[in-house]
Amino acid sequence: MARAQRFEVAPNPCVAAALVRGGRVLANAVHSAWGGLHAEAALLRELADRRIAVEDGDELFVTLEPCSSHGKQPPCVDALVAARVRRVVVGATDPDSRHRGRGLEALAAHGIDVELMQGAAPLERVAPHFLSWTGAERVRRPRPWLIAKWAQTRTGQLQPPEDVGAGRWITSPPALEEVQILRARVDAILTGVGTVLADDPRLTVRRPVEAPCAPLRVVLDSELRTPPDARLFHPLADGESGGRVHVFCLAGAAPARHRALESAGAIVHGCFPDRNGRLSLREVLGQLWSLGVRRALLEAGPTLQTAFLEQEFVDQVRVYTGAVNGGRGASLGHVLQSAAWRERLDRDVGTDSVLEAFRTLA
Ligand SMILES: NC(=O)c1ccc[n+]([C@@H]2O[C@H](COP(=O)([O-])OP(=O)(O)OC[C@H]3O[C@@H](n4cnc5c(N)ncnc54)[C@H](OP(=O)(O)O)[C@@H]3O)[C@@H](O)[C@H]2O)c1
């Protein structure tokens with residue numbers, strides 16, 4: 001149950017919880033969306049909805065040690081204590097050395113009987129992505145979890161033929177709606193100036209989908225070619241949510257255009273070049289981390305997608321292949337094939353097919 005949600009919750013771990021009475025599962029729940037209710041809280045809500053009170057002999061089973069600190073959600077330990085759960089059986093401890101064992105200690109300190117099952121739900125099997133997210137190297141040099149999403153034609157190209165989808169749209173309405181949901185569950189949406197100049201996108205979340213916190217809109221634009229009258233800077237419509245526009249350029253680039261973009265409402269950040277003289281993607285990601293971005297969505301054209309993929313900054317992909325023959329521009333087929341992907345899932349939405357996967361640990 002937990003693993004079925006892996007692409008929705010990453011970089012969070014996949015977690016499920018169940019209340020067991022006399023050896024029978026009374027109710028169960030999962031952590032189903034990044035930033036959303038944790039499995040334990042979802043289970044307690046399910047019990048409340050069904051008017052099931054926790055009894056003394058009940059056991060609560062959970063994949064991973066309950067959290068004891070505040071993140072996007074309040075600590076599950078507090079919720080379990082308040083619900084008067086008497087016994088908790090845990091499948092694995094938190095691999096993050098800053099939290100490991102704390103949740104179990106906090107439960108025990110409240111008189112809750114805690115059992116850690118050995119080898120019942122190894123994270124290598126249940127949530128290997130969470131091991132890379134909490135690994136020493138990632139913690140030492142933090143950067144947001146990056147989901148690269150693009151739509152391609154049957155030939156793998158990111159632009160349809162000119163006479164299809166107004167020369168821009170490749171996928172069907174159900175896929176476009178899914179992307180709105182994905183946008184609502186990230187802290188930032190990134191694109192390149194090539195896409196801004198070609199498509200003039202808004203990068204917003206639109207009704208009926210609602211974003212708990214409007215994602216920042218981020219443009220990578222070395223020389224500040226983003227037009228100050230781009231639609232990114234137009235006022236938000238009713239039912240539309242979008243965060244501040246952040247433009248990343250090479251430090252010292254085009255002072256007059258810098259001022260014009262700030263007047264339009266952008267926050268402009270200067271970055272060092274990488275060794276090829278391009279905007280350093282590592283620095284952009286580092287600055288986004290400092291702005292509080294933890295999960296980000298890359299919705300760029302082939303140039304920037306290739307740069308992020310080749311430099312191994314992409315953690316997860318979601319690729320929509322539309323029912324469109326032919327196309328224009330570069331294909332990302334070669335990078336998709338050369339990178340190592342795992343836990344691949346292929347599914348259909350509307351008339352499109354979708355590939356989801358995590359990048360294999362280096
Ligand atoms: N099918 C889809 O999912 C999808 C999504 C988005 C766009 N598109 C299509 O893609 C086309 C635009 O493609 P594109 O490749 O020009 O756009 P892009 O990848 O969005 O933007 C490319 C630009 O990003 C800038 N950039 C900044 N830092 C970079 C770095 N470190 N490495 C590489 N580039 C960096 C470069 O301009 P500077 O050198 O000036 O900084 C580069 O030209 C449009 O036709 C659009 O419709 C399709």
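Here, each number is a calculation from the coordinates, and none is a lab measurement. Since the structure is predicted, the reported quantities are computational estimates derived from the model, not experimental observations. A quick note on method: Cβ atoms are made from the backbone with ideal geometry, for glycine too, and the neighbour counts reach across all protein chains shown.
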In terms of the charge dipole of the chain, which places +1 on Lys and Arg and -1 on Asp and Glu at the beta carbon, the residue among 64, 297, 27 farthest towards the positive end is 297
Over the stretch 283-356, what is the mean sequence separation of C-alpha contacts under 8 Å (at least six apart), divided by residue count, expressed as relative contact order in percent? 33 percent
May I ask you to compute the full-extension gain from residue 131 to residue 105, defined as 0.36 nm times their residue separation minus their alpha-carbon distance, rounded to one decimal in nm? 7.2 nm
Karplus-derived 3J(HN,Hα), 6.51/-1.76/1.60, for each residue of the stretch 195-208, Hz, glycine and proline x: 6, 4, 5, 7, 10, 6, x, 9, 6, 10, 9, 10, 3, x
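Note down the relative contact order for the stretch 230-331 as a percent, whole number, built from C-alpha pairs under 8 angstrom at least six residues apart.
Relative contact order here is 18 percent.
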At 37 °C and 0.692 mPa s, what whole-number value in µm²/s does Stokes-Einstein give for the translational diffusion of the stretch 143-359, with Rh from the Kirkwood sum over Cα pairs? 186 µm²/s
For residue 28 and residue 172, extending 7 Å from Cα along the Cα-Cβ vector and measuring point to point gives, in nm, a value of 3.1 nm
What would the Debye formula give as log10 I(q)/I(0) at q = 0.11 Å⁻¹ for the alpha-carbon point model of the chain, no solvent? -0.81
For residue 116, which sequence-distant residues (separation of 5 or more, or a different chain) have an amide H within less than 5 Å of its own amide H, given hydrogens modelled in the peptide plane? 90
Using the Karplus curve 6.51 cos²θ - 1.76 cosθ + 1.60 with θ = phi - 60°, work out ³J(HN,Hα) for each residue of the stretch 137-152 in order, rounded to whole Hz, and write x for Gly and Pro. 5, 5, 6, 5, 10, x, 8, x, 5, 10, 9, 8, 10, 8, 10, 9
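Go ahead and run the numbers for FRET between residue 343 and residue 154, Cβ-Cβ distance against an R0 of 25 Å, rounding to 0.05.
For R0 = 25 Å, the calculated efficiency reads 0.55.
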Relative contact order for the chain: what is it in percent, counting Cα pairs under 8 Å that are at least 6 residues apart? 16 percent
Inter-centroid distance (Cα atoms) of the stretch 110-162 relative to the stretch 254-269, Å: 35 Å
Loop only by DSSP, 16 or fewer other Cβ within 10 Å of the Cβ. Give me the GluC sites (Glu not before Pro) in the stretch 285-343 that pass, ordered by residue number. 312
Dividing the helical contributions, -39500 (n - 2.57) per DSSP H run of n ≥ 4, by the residues of the chain yields a 222 nm value, nearest 500 deg cm²/dmol, of -7000 deg cm²/dmol
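For the stretch 121-233, report the convex hull volume of the alpha-carbon atoms normalised per residue, in Å³, without decimals.
For the stretch 121-233, the hull spanned by Cα atoms encloses 185 Å³ per residue.
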Projected label distance in nm at residue 234 and residue 251, using a 7 Å step from Cα toward the beta-carbon: 3.7 nm
